[in-house]
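A short write-up of the structure that comes next.
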There are 2 protein chains.
Amino acid sequence: MSPEIIFDPYTKLYSEASTLIRSSEIRDLLSVAGRSDIISFGGGLPYIGGLPPEEFSRVLNDVVSEGFTQAFQYGETEGLETLRSRLVEVMSEEGLSAEPEHILVTTGSQQALDLIGRIFIDPGDVIVMEGPTYVGALSAFRPEGPRIVTIPLDDMGMRVDLLEEELKRGDAPAPKFVYVVPNFQNPAGVTMHKSRRDRLMELADEHDLLIIEDNPYGLLRFEGKPEETLASRGPHRVVYLGTLSKIVSPGIRVGWVMAPAPLVEKLATLKQSADLCSSNLNQMFAEAYLGQDIWKKNLESQKSIYRSRRDTMLKSLGKYFPKEARWTHPQGGLFIWATLPEYFDTAKMLPLAIEQKVAYVPGTAFYPDYTGANHMRLNFSFPPEEQVIQGIKRLGKVIRKEMELYHSLGLDHS
Amino acid sequence: MSPEIIFDPYTKLYSEASTLIRSSEIRDLLSVAGRSDIISFGGGLPYIGGLPPEEFSRVLNDVVSEGFTQAFQYGETEGLETLRSRLVEVMSEEGLSAEPEHILVTTGSQQALDLIGRIFIDPGDVIVMEGPTYVGALSAFRPEGPRIVTIPLDDMGMRVDLLEEELKRGDAPAPKFVYVVPNFQNPAGVTMHKSRRDRLMELADEHDLLIIEDNPYGLLRFEGKPEETLASRGPHRVVYLGTLSKIVSPGIRVGWVMAPAPLVEKLATLKQSADLCSSNLNQMFAEAYLGQDIWKKNLESQKSIYRSRRDTMLKSLGKYFPKEARWTHPQGGLFIWATLPEYFDTAKMLPLAIEQKVAYVPGTAFYPDYTGANHMRLNFSFPPEEQVIQGIKRLGKVIRKEMELYHSLGLDHS
């Protein structure tokens, strides 16, 4: 960096909203994860190394040879009609029925979160999120200045009973929306139980709630029976977010929103001012790839890699983490959520872990008020199994050492 | 569209900002332009048909075979280091010197406009724009609720003397920034004269102004001597926006901002919440393409096509438009700006033109207060020459008919 980084000439010009923007811990960690000597459980990366380059190359070649002038041109803001029809097919894999005209293609589902935040949130508005929740949703909503109400999770997903309590408090203003990641939640790895889904949709009817259902991992189920989506249960209550980042590739930045037509129109108008349109080249690649059987075959192969890495991580946690620790047992997705005794501060412990060449995301990143310090998010999709074993072993050692220190100082009474 | 479009279930939930979002006329016209029987001067599309598919295909193949796991993975929010170094080389073609760490890669330069609007503008803040100005900048800034001061253009670009008057008015609050498109302006096609650039930078020093220099067309000069960029003249006063949309392809959505490091950091943090990162596949394609001599050869060939189409349009305007009309003579870029007698309303005339199978963008789209009704923007880069001739002939006929009507009603006293 050059010397002028010291002086910011524009400080006095910045907007109020810009003061609400914070660099996320995930971001800072992704740069750490890039260092090859560190075993990182910190990212949320799919394992691209498990995919066949020649198949991707062939699909790209077909796109360019058959649709060159379209692929390299501007596209319509709503996204390619052909791709939206394919996305309808993808959603039908989870039992969700949809129409292409209810879909807006976005530049990753992160853009959908950003557009939704801007369309719905005024400063001071209440929104409801899970605790812990997806850090990218936090960073998308935060600049709009909402008051965030956090509803805790357990192994069955959001504690909908606590949401009900919150909604029934006489003085509570009605929330603009309730944001949930029902399948293999990021960061907690838990899946919302059928009974919770039922009750959430009942509450939505009773209290006229809008639900934002973010479902990036639904098709990454390793075992067990899929739960019906919230959008299937109450299409007029739910804005549904999907993405190809975890089931095809994040490098093409293709996500989508499914919503009633008037909201799609509103989101599209805002998307137009946000980036005009998503890449036609990437959309046409996605469309062509999803039009061939290889996508399901490759997804199965990815899932079997992830399942195996999850198993290895669970086994290693049992072996190397102290008995005081607990962790979730995800049936799919990318993440395990580990909980240490309450006196732990995983944010403070992170530099010690990095010193021992292992990284994770501290729990504080996933709460709007930076609580959750005794938790950590562990990603199992990216590191190979020998690294999973080695990394959890290193991390277990760091944790045990911290426990000893706390114990010797008499600070372990939580 | 399904029946539920009639009913918007979320009306009561929308944010204040969302009420400031309006669908642009360009957008509505792009859908008209898609109808094959209409000759459209309405878009702003580069002519991809003039580029060699096999060269693009070869570069893409190289990217996938050499960098598969990176191309299809998430990337860093700031953009690929290798691409940022190439963009430094692209900027040096216009005499601009830069460092990669002062560059943030964006998803098209439209995203840069969006991020800048959000970082700088609070509701009620004054910003200065040219009149007419780029419609995408208007739509990016408008949701933030600024008060937009418009400074007229003439054939030498922004009337900097009028900006000076505005700045010297005792009661005027200091603007957050001054947004300009100095080269082959969209929509007017005019280029800011050296003397105006000099004076603008003096004013920036005198009044401590931040200049947003948007330069998508600088390298599309057909003739004449390039003017030094504003960023070269006063790097600490200028945030510079570039894009590959017009010199490589808009289908890859690669733009960039050059700014002091602290602002790059702030914009990157906001970009992270907007779309996490731009497509690695597209960035790697851009990097590889710009690393080969073909990019300059292809750019020369594009320029010669555009120059020829511009010449044909200028000639056709002279032949088919009434003597009361005037138009600009751009030395590059994509657009000619035509001015009809003051009593004309080109927005009202548009349906008549479309009936005659020709389209343009009415001048009102390019002013924040929807004035400028007697102007129209004409794109010459996309339609082939025989269409340019035919389309201008049709448009001339529509205009003459309107003039006759106004004359017969005695309404042509402007």
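On inspection, B:Glu144 qualifies as acidic (Asp, Glu), crowded, with 22+ Cβ neighbours inside 10 Å and in contact (Cβ under 8 Å) with a residue 24 or more places away in the chain.
The range A:113-202 holds strands (runs of 3 or more DSSP E) entirely within its bounds, and those carrying 3 or more residues that are touching a strand residue (DSSP E or B) at 6+ places or on another chain (Cβ under 7 Å), away from chain B (no Cβ under 14 Å) and modelled with pLDDT of 95 or more map to A:126-131, A:147-154. Residues that are touching a Leu at 6+ places or on another chain (Cβ under 9 Å) and either outside any helix (DSSP H, G or I) or of a type in the set (Lys, Arg) (or both) are absent from the range A:385-398. Please go through the range A:270-293 and give me each residue that is polar (S, T, N, Q) and surrounded by 21 or more Cβ atoms within 10 Å (Cβ to Cβ), ordered by number. Selection gives A:Gln272, A:Ser273, A:Ser278, A:Ser279, A:Asn280, A:Asn282, A:Gln283. For the range A:357-380, a residue qualifies if it is of a type in the set (S, T, N, Q), part of a loop (DSSP other than H, G, I, E, B) and surrounded by 24 or more Cβ atoms within 10 Å (Cβ to Cβ), but none of them does. Scanning the range B:185-212 for residues that are on the phi > 0 side of the Ramachandran plot and either surrounded by fewer than 17 Cβ atoms within 10 Å (Cβ to Cβ) or among the acidic types (Asp, Glu) (or both) gives a single hit, B:Asp208.
Of all residues assigned to the range B:272-281, none qualifies as being more than 8 Å from every other protein chain (Cβ to nearest Cβ) and modelled with pLDDT of 95 or more.
Checking the range A:102-110 against the condition returns no match, with no residue being crowded, with 24+ Cβ neighbours inside 10 Å, under 25 Å from B:Gln272 (Cβ atoms), among the aliphatic types (A, V, I, L, M) and in contact with a Pro (Cβ under 8 Å, 6 or more places away or on another chain).
Can you name the residue in the range A:28-47 that is within 17 Å of B:Asp275 (Cα to Cα) and either more than 9 Å from every other protein chain (Cβ to nearest Cβ) or touching an Asp or Glu at 6+ places or on another chain (Cβ under 9 Å) (or both) and, of all such residues, is modelled with the lowest pLDDT? Residue satisfying both the conditions and the ranking: A:Leu30. Of all residues assigned to the range B:243-256, none qualifies as being modelled with pLDDT under 95 and either within 12 Å of another protein chain (Cβ to nearest Cβ) or surrounded by fewer than 24 Cβ atoms within 10 Å (Cβ to Cβ) (or both). The number of residues in the range A:73-112 that are of a type in the set (Gly, Ala, Ser), at the interface with chain B (Cβ under 10 Å from one of its Cβ atoms) and in a loop (DSSP other than H, G, I, E, B) comes to 1.
In the range A:37-52, is there at least one residue being part of a helix (DSSP H, G or I), small (Gly, Ala, Ser) and surrounded by fewer than 20 Cβ atoms within 10 Å (Cβ to Cβ)? Among the residues of the range A:37-52, at least one is part of a helix (DSSP H, G or I), small (Gly, Ala, Ser) and surrounded by fewer than 20 Cβ atoms within 10 Å (Cβ to Cβ), which makes the answer yes. Exactly one residue out of B:Lys225, B:Lys176 is crowded, with 20+ Cβ neighbours inside 10 Å and over 30 Å from B:Ala288 (Cβ atoms): that is B:Lys176.
Quick one: how many residues across the range A:296-343 are hydroxyl-bearing (Ser, Thr, Tyr), more than 27 Å from A:Pro53 (Cα to Cα) and in a helix (DSSP H, G or I)?
Here the count works out to 2.
Scanning the range B:56-75 turns up no residue that is more than 20 Å from A:Glu54 (Cα to Cα) and either among the hydroxyl-bearing types (Ser, Thr, Tyr) or surrounded by fewer than 21 Cβ atoms within 10 Å (Cβ to Cβ) (or both). Per the listing B:Ala325, B:Ala259, B:Ala288, the residue uniquely within 11 Å of chain A (Cβ to nearest Cβ) and among the aliphatic types (A, V, I, L, M) is B:Ala259.
If you take the residues of the range A:247-275 that are assigned to a helix (DSSP H, G or I) and β-branched (Val, Ile, Thr), which of them is nearest to A:Val88 (Cα to Cα)? Steps first, please.
Step one: of the range A:247-275, the residues assigned to a helix (DSSP H, G or I) are A:250-252, A:261-275.
Still in the running and β-branched (Val, Ile, Thr): A:252, A:264, A:269.
Numbers: A:Ile252: 18, A:Val264: 15, A:Thr269: 22 Å.
Top of the filtered list is A:Val264.
Of A:Gly170, A:Gly108, all but one fail to be touching a Lys or Arg at 6+ places or on another chain (Cβ under 9 Å) and either of a type outside the set (A, V, I, L, M) or touching a residue at least 40 places away in the same chain (Cβ under 8 Å) (or both); the exception is A:Gly108.
Let's see how each residue does on (1) in contact with an Asp or Glu (Cβ under 7 Å, 6 or more places away or on another chain); (2) closer than 30 Å to B:Leu60 by Cα; (3) touching a residue at least 40 places away in the same chain (Cβ under 8 Å):
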| site | (1), (2), (3) |
| --- | --- |
| B:Leu220 | no, yes, yes |
| B:Lys225 | no, no, no |
| B:Arg233 | no, no, no |
| B:Val238 | yes, no, no |
| B:Pro250 | no, yes, yes |
| B:Arg253 | yes, yes, yes |
| B:Trp256 | no, yes, yes |
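The values are calculated or read from the model by the stated rules, or taken from the named source; none is laboratory data. Quick caveat: nothing in here was measured; it's all calculated off a predicted structure. Backbone-built Cβ (ideal geometry, glycine too); neighbour counts: all protein chains shown.
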